[in-house]
Amino acid sequence: TRVAILISGGGSNMLRLVEDMTGDHPARPVLVASNDPQAAGLARAAALGVPVAAVDHHDFSRDRAGFEAALLQPLLDARPDIICLAGFMRILTPDFVQRFAGRMLNIHPSLLPKYAGLDTHARALAAGDAQAGCTVHEVTPELDSGPLLGQARVPVLLGDTPESLAARVLVQEHRLYPAVLRRFAVGDRTPVLL
Ligand code: GRF
């Protein structure tokens, strides 16, 4: 099973996925691509021998379709069976998403359906939530709304800031995403609940 991973920054989630796809794991990484040529994750992926690509979305200001057409080139060349969005910070059009219907995953740093969109940790803190966490879901045209594939919970602690909560959630993201991909790669859609 061929897996392409889309990133925008450091790629810590991508790294955990790549590092997990070894041995008896049925999947292998075939491409790491980014909307930012400066994304630190690209060098980290290349260091692990994974082919990389970058399409600068600044080259397509307001032309979302143009950016996606450019991104599709290396993506389709890699012939992925599964696409994992991992810290990918661009909203994809329904056309793009539909091309990979049923085989595109995303990790979102909240307990969806709560806090779709941005600033999830600040919103959880402002709401006084006792718990926070992360969710892996199938990507559908509606933002952060597809079928749930996995979820991990963490406690919100007194004195938490968005940064301290984000750090606690990120640790769980790194556990959750590889566990979900292992199931998804063999057609098992049973949610992983950590
Ligand atoms: C993190 O905030 C994570 O919660 C979200 O994307 C951000 C960057 O992740 N999924 P990564 O280190 O680039 O994987």
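In the range 101-132, how many residues are surrounded by fewer than 13 Cβ atoms within 10 Å (Cβ to Cβ), of a type in the set (A, V, I, L, M, F, W, C) and under 17 Å from Leu157 (Cβ atoms)?
Going through the range 101-132 one residue at a time, the tally reaches 3.
Would it be correct to say that Leu42 is in contact with a strand residue (DSSP E or B) (Cβ under 7 Å, 6 or more places away or on another chain), within 23 Å of Arg175 (Cβ to Cβ) and either in contact (Cβ under 8 Å) with a residue 60 or more places away in the chain or within 13 Å of the ligand (Cβ to nearest atom) (or both)?
no
A quick yes/no check of all residues on (1) closer than 18 Å to Leu17 by Cα; (2) in a helix (DSSP H, G or I); (3) touching a helix residue (DSSP H, G or I) at 6+ places or on another chain (Cβ under 8 Å):
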residue: Lys114; (1), (2), (3): no, no, yes
residue: Leu125; (1), (2), (3): no, yes, yes
residue: Gly133; (1), (2), (3): no, no, yes
residue: Leu158; (1), (2), (3): no, no, no
residue: Gln172; (1), (2), (3): yes, yes, no
residue: Pro178; (1), (2), (3): yes, yes, yes
residue: Leu181; (1), (2), (3): yes, yes, yes
residue: Asp188; (1), (2), (3): yes, no, no
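Residues in the range 138-152: is at least one farther than 30 Å from Thr93 by Cβ, of a type in the set (A, V, I, L, M, F, W, C) and modelled with pLDDT of 95 or more?
Residues of the range 138-152 that are farther than 30 Å from Thr93 by Cβ, as a first pass: none.
No.
Inside the range 25-73, can you point out the residues that are hydroxyl-bearing (Ser, Thr, Tyr) and under 23 Å from Ala185 (Cα atoms)?
Ser34
Regarding the range 113-129, can at least one residue be identified that is more than 28 Å from Arg62 (Cα to Cα) and among the polar types (S, T, N, Q)?
No - not one qualifying residue is present in the range 113-129.
Of the conditions (1) free of Cβ contacts under 8 Å to residues at least 12 places away in the same chain; (2) farther than 23 Å from Gly150 by Cβ, Ala54 satisfies every one except a single condition; which number is it?
Condition not satisfied by Ala54: (1).
The values are calculated or read from the model by the stated rules, or taken from the named source; none is laboratory data. Not measured: the values here are computed from a predicted model. Every residue, glycine among them, receives a Cβ derived from its backbone with ideal geometry; neighbour counts consider all protein chains shown.
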